[in-house]
Amino acid sequence: MNAQAMWLNPWISGFSFAESVPQWLLTACGLVLIYCLVIVPSGAVMGYLERKLSADFQARVGPNRAGPAGVLQPVADLLKLLQKQASRDWNWREAIWLLVHTMALYSTVAVIPLGSLLLLVDTDMSAFLPFWSALVLALGTMFLGLSQGSVPGWFGGIRVAAQALAGAFPALIALLCAGIRAGGFRWSEIAAAQSSSPLLWTAAANPFQFIAFFVFVISGLVLLGIPPMDAAFSAPDIHGGVSSHLSGRKLTVFRLGRFYGFLLWSVIAVVLFLGGWELPFGLSTELRNADSPRLLQIFELCWLLSKTFLLVLVVTWIAKVNPRSRVDQVTDFAWRVLSPFSLVALIGASLVAGWGAL
Amino acid sequence: MGGVVTGGPAMMRGSVFSTILGYLRDVLWGIRSVWGSCLTAIPYLFGSGELSKEVTEQYPDPISSKIADDLPPRSRGFLVNDIERCTGCKECERQCPVQCICVEAEPATDDTKIWVSVFDIDFSKCVFCGICAEVCQPASLKHTKNFEGAVYELPELVASFGRGWVTPEQRLKWAKLRQQIEDDRVIL
Amino acid sequence: MIESLKTDLTQWEIGPYDHSLPGPMLLRLRLDGELIVAGEVETGFLHRGLEKALERQLWRSAIPYADRLDPEGALFGELALCLAVEEIAALAVPPRAQSIRVILSELTRISAHMGYIVRVARAVGSETMVHYVLRDREKILDLFELATGARVSLNFLRFGGVQADVTEGFIERVLEICELLRIRLKEYNDLFTYNHAFIKRTRGIGTIAPELARAFGVTGPNARASGISFDVRKEHPYSGYDFLDFEVPVGRRESQHLGDANHRFLLRLQEISTSVEILKQSAEAITSGPFALRKPEESFEVPRGEAYIRIESSRGLLGCHLVSDGGAYPERIQFRPPSLALLSVLPQLVRGIRIEDLPVVLATLDIGVAEADR
């Protein structure tokens, strides 16, 4: 775990007091910093993007009063939610949900790949941890739903469980496809297998990887309950399901988790299949040779986030334009369409990889 | 999104090959219809032509909100009564479907002059149907196009157009004027 | 020996105020997992005593009340009342007024069907369709404001004609709207009607069999979607409909799942096209002439008599039974709303569908709680 504080080094190298600070303190500060800089703003940015993008598709204007072009709208929403009077105190089930929820989100913070130098945990199982966190998130949400004494909560909880199981299997198989091509599941290995040119991205390598990319993104929607696969959180029939009884701070935590999950899945998809943070035209190697790690970190992060933004745009586009599917249709789709396609992609990708090794 | 041929795996119509073909056709249909729906949204994302521009009316920003002058001439907004022309015939009070108009009138010096002491329209009850303006003979009661009449207190919603209750001094003056007219007539 | 798992049916009450209901009503459901096993409907939450209030109004002042029988199709209430009075008092309506009435009726039908599309799209979760259709419905409401002065509760028909002549440029605007609707209908079909997620959500759901429709008295687009070819505009023509040339869309008997939610939706889309046709014919054939044959006097008295009028509102057959005792006030008005039959048939329709299909069934039926409760 000596890579923990490495990303911090270029930023604190100038300050003499930082030399004497023990390693664990630096690590802890780094984690808290990433949490504050990643999870909360990601929720805010995703919320703003969703509202503005859906307004663009629907011939509306969207938020434009809070700040220029409405960029402070998430701040206004957050303040409004936080100042609401709690309808009742936290009971022990909700406390457990909060614990599980935070653990799941936090565990991904350590693993989220935001650049070649911004990796905290880069082990052989790095790529799998976000996937397991999504399952744990689903578990927590299901627990929250089943603990509410009302029909919307029960249905929401059961649907979350069903969707999570249905979406997990093809997601995992598609993940394996990406790792097969890279030869491992370390972030650095996967990034190295795709250099800067789009033609060498994983998704463009061969048709099976292309199928795997689509299956990965769509099964992520099913797994996390993102529209148009959000039958577990649908408003018309079950009033939002699990969140039907939440308000104020609990709702903030819940929504932040959903937005962050969406962002996380998009970032993982970009890193696995769309070239990750490798800058075009070989800029990465140039900056590395020029020994300017701060610039490298910033550029890689921006490149990664812009590709993520495009993916989020496409998914939001499809979500707003298409009707929501019924929950049994979603799970049908996951088991009967996504899973066979993912298996076909896996077999094909393995054959191609094996052929190349011959 | 997507799905398989209706009828579960127990219903194998024909050969395995045709089932797989049907399955792939279904998947293709799903992809095609999703793509077709997405295509219709493209002009809204990129273009700004007449058919795909934003239609939000950003009230009260003058950038794109309607003011009373923009409305068609017949728009039924808040009512106003020109008390100079009003004859106090109470037809509007009689015809109003919700009885929101209250009129009190009495003759002043002579029968040609009517003093409308009370003419109250309670806009918390008014449904803006326009019947009162339609039946007004002297055409003193009219709909304006004004639609911004929100107030902070409910009693403020009552609009008073009347001249006020007749004071005892006025009554004396009228009696004197009436006497004078009588005297003039007798003299003539 | 494996013991079977003991499960119980879940009781759930939806309403009286709920996102998925068309208006205030109470639905008591018994659920087996996600399947609805039984449902009971309780209504009356929107009862306003409309028919009783009408007994205390002068004849002309009763027209705004008739507007509010079904706020989504305000003109149909007015038309029913005016036709009933005109039958009792033997008033003739000039042809120009009849054309104006037909134009406004068909515009109301189109705007009511657009509201229907909005509710169905919201029930299946397609927010984009909602906003596109609402935007176009605004144009029709602006047209109403141009002609009558109000967007929804028009108060425009009078006994023996209409309140005033249409303004300059109204007919041109009507033809422009027809052209715009032709373009927009194509856009709606591209976006929503043939989307497979929508078709999967509505095919085979909430099917009304023709026998069921006949038994419960379901009329209008819901009955026509089940294959029953009955339209009051053709069977008992009124207000000049017999001089117009139009085809009433009916569900084809050979199609699978006749009378399901998808058919009901498609039929209303076709009805919008039919209404556009009627609009074009009426707008182009409108004659000049008086807009009313009598000047409305203040004390209008309808002679003694009784009349029952049927018109085709956007939801079905709207009936108005009017009894007059020769005075300045109606003695009794009773409306026969088309949504009452739908509320009666609702418990049969919700049996066997999933809880997620319930908003879809409710939305595709086009129940008007305001007119059912009066």
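Derivation of every value follows stated rules applied to the coordinates shown; laboratory data play no part. What you see is a predicted model; the values in this text were computed from it and never measured. A quick note on method: Cβ atoms are made from the backbone with ideal geometry, for glycine too, and the neighbour counts reach across all protein chains shown.
Gaussian network model of chain C, Cα springs within a sub-10 Å range: biggest mean-square fluctuation belongs to which of C:Asp165, C:Asp70, C:Asp260? The residue with the greatest mean-square fluctuation here is C:Asp165.
Where only DSSP H runs of four or more residues are counted, chain B gives -10000 deg cm²/dmol as its mean residue ellipticity at 222 nm, each run worth -39500 (n - 2.57). What is the distance in Å between the Cα centroid of region A:58-104 and that of region C:1-65? Using only Cα atoms to place each centre, the spacing works out to 33 Å.
With neighbour counts taken as other beta-carbon atoms within 10 Å, the residues B:Cys126, C:Cys320 rank, fewest first, as B:Cys126, C:Cys320.
So what is the orientation-averaged projected area of region B:130-187, using the convex hull of its C-alpha atoms, in nm²? Mind showing how you got there, number by number?
Numbers: hull surface 29.2 nm².
Mean orientational projected area (region B:130-187, Cα hull): 7.3 nm².
Based on the convex hull around the alpha carbon atoms, region C:265-327 presents an average projected area of 6.7 nm². Note that region C:152-159 has calculated 3J(HN,Hα) couplings of 10, 8, 6, 6, 10, 7, 10, 6 Hz, one per residue in order, obtained from phi through the Karplus relation 6.51 cos²θ - 1.76 cosθ + 1.60 (θ = phi - 60°); glycine and proline are x. For C:Ala38, the amide hydrogen comes within under 5 Å of the amide hydrogens of C:Arg30, counting only partners 5 or more places away or on other chains and with H modelled in the peptide plane.
Relative to the dominant Cα principal axis of chain B, helix B:168-187 is inclined by about 60°. Among the residues of C:129-135, the average count of other protein chain beta-carbon atoms within 10 Å of the residue beta-carbon is 5. When only alpha carbons are used to place a centre, region C:246-301 and region B:120-157 end up 34 Å from one another.
Computed from phi, the 3J(HN,Hα) profile of region C:203-216 under the Karplus parametrisation 6.51, -1.76, 1.60 (θ = phi - 60°) reads 6, x, 9, x, 6, 9, 6, x, 5, 5, 4, 5, 5, 9 Hz, with x in place of Gly and Pro. Proximity of backbone amide H atoms, modeled 1.01 Å from N, is registered between B:Val158 and B:Phe123 at under 5 Å, excluding neighbours fewer than 5 places apart on the same chain. The fewest-to-most ranking of B:Thr144, C:Thr7, A:Thr108, A:Thr141 by surrounding Cβ atoms within 10 Å reads C:Thr7, B:Thr144, A:Thr108, A:Thr141. Here is how the number arises for chain A: DSSP H runs of 4 or more residues each give -39500 (n - 2.57), the sum is divided by the residue count, and the result at 222 nm is -21500 deg cm²/dmol. Net charge dipole, the protein assembly as shown: roughly 1600 debye, given to the nearest 20, about the Cα centre with Cβ charges of +1 for Lys and Arg and -1 for Asp and Glu. Counting only residues at least eight positions apart within a chain, or on another chain, the aspartates and glutamates with an alpha carbon under 13 Å from that of C:Lys139 are C:Glu176, C:Glu179. Normalised Debye scattering of region A:150-267 at q = 0.16 Å⁻¹ gives log10 I(q)/I(0) of -0.80, counting only Cα atoms as equal scatterers and leaving out solvent. With θ taken as phi - 60° and the Karplus curve 6.51 cos²θ - 1.76 cosθ + 1.60 applied, the whole-hertz 3J(HN,Hα) list for region B:64-69 is 7, 10, 7, 9, 4, 5 Hz, x standing for glycine and proline. For chain C, adding -39500 (n - 2.57) for each run of n ≥ 4 DSSP H residues and dividing by the number of residues yields -14500 deg cm²/dmol at 222 nm.
Suppose the Debye formula is applied to equal point scatterers at every Cα of chain A; what is log10 I(q)/I(0) at q = 0.12, 0.13 Å⁻¹? Debye intensities relative to I(0), on a log10 scale: -0.94, -1.10.
Here is the size of chain C from its Cα atoms: Rg then Dmax, 21.5, 88 Å. Expressed in Å, the radius of gyration and Dmax of the Cα atoms of chain B are 34.2, 121.
Classified by the C-alpha gyration tensor, region A:274-358 has an oblate form. Its axis ratio a/c, with a ≥ b ≥ c, is 1.5 or above, and a/b does not exceed b/c. Peptides C:275-288, B:19-32 ranked from most to least packed, by the mean per-residue count of other Cβ atoms within 10 Å: C:275-288, B:19-32.
Over the C-alpha trace of region C:1-82, radius of gyration and Dmax come out as 21.0, 77 angstrom. Is the C-alpha gyration tensor of region C:228-374 telling us rounded, prolate or oblate? Criteria: a/c under 1.5 is rounded; beyond that, a/b larger than b/c is prolate, otherwise oblate. Oblate shape, in that a/c is at least 1.5 and b/c is the bigger or equal ratio. Helices of chain A meeting both criteria, an alpha-carbon length of 15 angstrom or more along the long axis and an average Kyte-Doolittle score not below 0.5, with helices taken as full DSSP H segments, are A:23-34, A:92-111, A:129-147, A:151-182, A:207-224, A:249-273, A:293-321, A:339-357. For chain C, the residue among C:Val118, C:Val302, C:Gly149 whose Cα projects farthest onto the positive side of the dipole built from Cβ charges is C:Val118. Report the one residue of A:Ala134, A:Ala55, A:Pro74 whose Cα lies farthest in the direction of the positive end of the charge dipole of the protein assembly as shown (charges on C-beta: Lys and Arg +1, Asp and Glu -1; origin at the Cα centre). Value: A:Ala134.
Within the same chain, aspartates and glutamates fewer than 8 places from A:Lys52 are excluded, and of the rest, those with a Cα less than 18 Å from its Cα are A:Asp77, B:Glu54, B:Glu57, C:Glu127. Quick one: angle between helix C:74-89 and the longest Cα principal axis of chain C, in degrees between 0 and 90, rounded to 10, please. For helix C:74-89, the angle is close to 50 degrees.
Under a cut-off of 19 Å between alpha-carbon atoms, report the aspartates and glutamates in cross-link reach of A:Lys307, not counting same-chain residues fewer than 8 places apart. Output for A:Lys307: A:Glu50, A:Glu278.
Remark on B:Thr144: its backbone amide H falls under 5 Å from those of B:Gly77, B:Phe78, B:Leu79, B:Val80, a criterion applied only to residues 5 or more positions apart or on other chains, H modelled at 1.01 Å from N. Inter-chain neighbour count for A:230-242: the average number of beta-carbon atoms from partner chains within 10 Å of each residue's beta-carbon is 4. Please determine, in degrees from 0 to 90 and to the nearest 10, the orientation of helix C:127-148 with respect to the longest principal axis defined by the Cα atoms of chain C, where the helix direction is its Cα long axis. The angle comes out at about 10 degrees.
Counting Cβ atoms of other protein chains within 10 Å of each Cβ in A:56-68 and taking the mean gives 5. Taking the average, over residues, of other Cβ atoms within 10 Å as the packing measure, peptides A:309-318, A:271-280, C:104-113 rank C:104-113, A:271-280, A:309-318 from highest down.
Entry note: the protein assembly as shown has Rg to Rh equal to 1.06, where both radii use alpha-carbon atoms and Rh is the Kirkwood radius.
When the charge dipole of chain C is built from unit charges on Cβ atoms (+1 for Lys and Arg, -1 for Asp and Glu) and taken about the Cα centre, the candidate among C:Ala213, C:Ile14, C:His257 whose Cα reaches farthest toward its positive end is C:His257.
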